[in-house]
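Below is one structure; the comments refer to it alone.
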Amino acid sequence: MPSEKLPIKVFVKCRPLLSREEQKGSRRAVKISGNKTTLDVGGKETSFVFDGSFGPDVKPNQIFRDTVEPLVEKVMEGYNLSIMAFGATGSGKSYLMTGNDDNPGIVPCFNKTLFRWIDDLQSKQKDFFVTATFLEILDEQMVDLLNPHSNEMKVRQHPQLGIFVDGLSELVIRSSDDLAKYYEQGNRARKMGASDVQAHRERSFALFTLSVQQKDVNTGKMGVNSTVVMADLAGIEGVTNYKSFKALIDVIGVLGDPKKKGSHVPYRESKVTRLLQESLGGNAISVMFSTISPADNHCQETLITMQQSQFVKNIHNEARVNVVCPLYKEM
């Protein structure tokens, strides 16, 4: 199938200034206006323009409707989709992706919308097979969040399957309730494995991945297969200390920094960059949410986030419909 050259879409989300920050004398150093985010660093303002910017009052479910919901149809057409949350620890990455009962995040909203599409298409003679994996990578060690075990897991590449983790549990999903249950289960396992939650989140990458296979019931021979990666990336403050994040920044730099154009892309430097190879410069429609704090004492982390996000915005992927024949075994 012919590919479509698409830039990675980048959206900024600024969280509210916390009461404890105000009590300590922190002031707001970030202004949001349209697609522009302006950062005041020591009296000097620096502005960045992205595909969209969302202020503190915008809820995660509204952000989903504005940015990701239109892309669910592309998944149904057979395109891969990657949704990544990028920013400093404490900037709101996990809240944006997960949300809470009153304000569901990107992942729960996506899961429900996906199955609304599936339910509708099944009534039109489409057959679906959906599976999920949930992987955490911490200091280059991989943890199976849906079925924690001590068996060895390895990143491998297959001509048809692409890049995958050998030994990672892949669970069959039959409903949006299944998806919600497994996503919550994986997040609980992630928290239970952390003795120091703050330090854990600085170094931890979490990849919730769905495989959506479909075929026409009448023919049964041809179908499409989409992979959806929803990634909560480690905190950007780990850029100089942790191999995985340093490798991620190196890949972003080579792909998005005009000064490094044409250089070798070091995907194999870490497990994270290997698994995000299609998301960054490969076969996927990709969206990155750059989360930032408005507090002036977090200006350095915010500036790094904005600068790296500018590079991400320069990256172009080669997205295509993934046609598979035969598609999968009868369920």
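The values are calculated or read from the model by the stated rules, or taken from the named source; none is laboratory data. Just so you know, these numbers come straight off a predicted model, no measurement behind them. A quick note on method: Cβ atoms are made from the backbone with ideal geometry, for glycine too, and the neighbour counts reach across all protein chains shown. Quick note on the areas: whole protein, heavy atoms, side chains included, nothing else; ligands and nucleic acids left out. Shrake-Rupley method; radii C 1.70, N 1.55, O 1.52, S 1.80 Å.
All but one of (1) open to solvent by 60 Å² or more (accessible area, probe 1.4 Å); (2) more than 30 Å from residue 213 (Cα to Cα); (3) not charged (D, E, K, R) hold for residue 62; state the number of the condition that does not hold.
It fails just one condition, (2).
Considering only residues that are touching a His at 6+ places or on another chain (Cβ under 9 Å) and small (Gly, Ala, Ser), look in the stretch 1-41 and name the one that is most open to solvent (accessible area, probe 1.4 Å).
26
Let's see how each residue does on (1) basic (Lys, Arg); (2) out of contact with any Cys (no Cβ under 9 Å at 6 or more places or on another chain); (3) open to solvent by 30 Å² or more (accessible area, probe 1.4 Å); (4) more than 17 Å from residue 226 (Cβ to Cβ):
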| position | (1), (2), (3), (4) |
| --- | --- |
| 57 | no, yes, yes, yes |
| 70 | no, yes, yes, no |
| 82 | no, yes, no, no |
| 87 | no, yes, no, yes |
| 116 | yes, yes, yes, no |
| 127 | no, yes, yes, no |
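From (1) surrounded by 20 or more Cβ atoms within 10 Å (Cβ to Cβ); (2) in contact (Cβ under 8 Å) with a residue 60 or more places away in the chain, pick out the condition that doesn't hold for residue 53.
(2)
Only one of (1) under 28 Å from residue 249 (Cβ atoms); (2) open to solvent by 50 Å² or more (accessible area, probe 1.4 Å); (3) free of Cβ contacts under 8 Å to residues at least 60 places away in the same chain; (4) not aliphatic (A, V, I, L, M) is not met by residue 99, so which one is it?
(2)
Among the listed residues 265, 251, which satisfies the condition of being in contact with a helix residue (DSSP H, G or I) (Cβ under 8 Å, 6 or more places away or on another chain), more than 22 Å from residue 12 (Cα to Cα), β-branched (Val, Ile, Thr) and without any contact (Cβ under 8 Å) to a residue 40 or more places away in the chain?
So the residue among 265, 251 that is in contact with a helix residue (DSSP H, G or I) (Cβ under 8 Å, 6 or more places away or on another chain), more than 22 Å from residue 12 (Cα to Cα), β-branched (Val, Ile, Thr) and without any contact (Cβ under 8 Å) to a residue 40 or more places away in the chain is 265.
How many residues are closer than 15 Å to residue 12 by Cβ, among the small types (Gly, Ala, Ser) and out of contact with any Leu (no Cβ under 9 Å at 6 or more places or on another chain) when one looks only at the stretch 42-66?
Here the count works out to 3.
For every residue, the table says whether it meets (1) of a type in the set (S, T, N, Q); (2) farther than 15 Å from residue 81 by Cα; (3) touching a strand residue (DSSP E or B) at 6+ places or on another chain (Cβ under 8 Å); (4) modelled with pLDDT of 65 or more.
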{"residue": "190", "(1), (2), (3), (4)": "no, yes, yes, yes"}
{"residue": "193", "(1), (2), (3), (4)": "no, yes, yes, no"}
{"residue": "199", "(1), (2), (3), (4)": "no, yes, no, no"}
{"residue": "203", "(1), (2), (3), (4)": "no, yes, yes, yes"}
{"residue": "208", "(1), (2), (3), (4)": "no, no, yes, yes"}
{"residue": "213", "(1), (2), (3), (4)": "yes, no, yes, yes"}
{"residue": "218", "(1), (2), (3), (4)": "yes, yes, no, yes"}
{"residue": "224", "(1), (2), (3), (4)": "no, no, yes, yes"}
{"residue": "236", "(1), (2), (3), (4)": "no, yes, yes, yes"}
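Report yes if residue 123 is farther than 22 Å from residue 272 by Cβ, more than 21 Å from the chain's Cα centre (by Cα) and small (Gly, Ala, Ser), otherwise no. I'd like the intermediate steps shown before the answer.
Numbers: farther than 22 Å from residue 272 by Cβ: yes; more than 21 Å from the chain's Cα centre (by Cα): yes; small (Gly, Ala, Ser): yes.
Answer is yes for this residue.
Of all the residues that make up the stretch 87-103, how many are part of a strand (DSSP E or B) and in contact with an Asp or Glu (Cβ under 9 Å, 6 or more places away or on another chain)?
So the answer is 1.
Are there any strands (runs of 3 or more DSSP E) wholly within the stretch 104-165 with 3 or more residues that are touching an Asp or Glu at 6+ places or on another chain (Cβ under 7 Å) and in contact (Cβ under 8 Å) with a residue 12 or more places away in the chain, and if so which?
126-138
Here's the yes/no breakdown for (1) modelled with pLDDT of 95 or more; (2) surrounded by 14 or more Cβ atoms within 10 Å (Cβ to Cβ); (3) among the β-branched types (Val, Ile, Thr); (4) out of contact with any Ser or Thr (no Cβ under 7 Å at 6 or more places or on another chain):
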residue	(1), (2), (3), (4)
110	yes, yes, no, yes
123	no, no, no, yes
133	yes, yes, yes, no
138	no, yes, no, no
155	yes, yes, yes, yes
168	yes, yes, no, no
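Here are 272, 251, 229, 287: which of them is more than 13 Å from the chain's Cα centre (by Cα) and at negative phi?
251
Applying the selection to the stretch 276-319, what residues are closer than 14 Å to residue 83 by Cβ and open to solvent by 10 Å² or more (accessible area, probe 1.4 Å)?
Once the filter is applied, which keeps residues that are closer than 14 Å to residue 83 by Cβ and open to solvent by 10 Å² or more (accessible area, probe 1.4 Å), the stretch 276-319 yields 278, 285.
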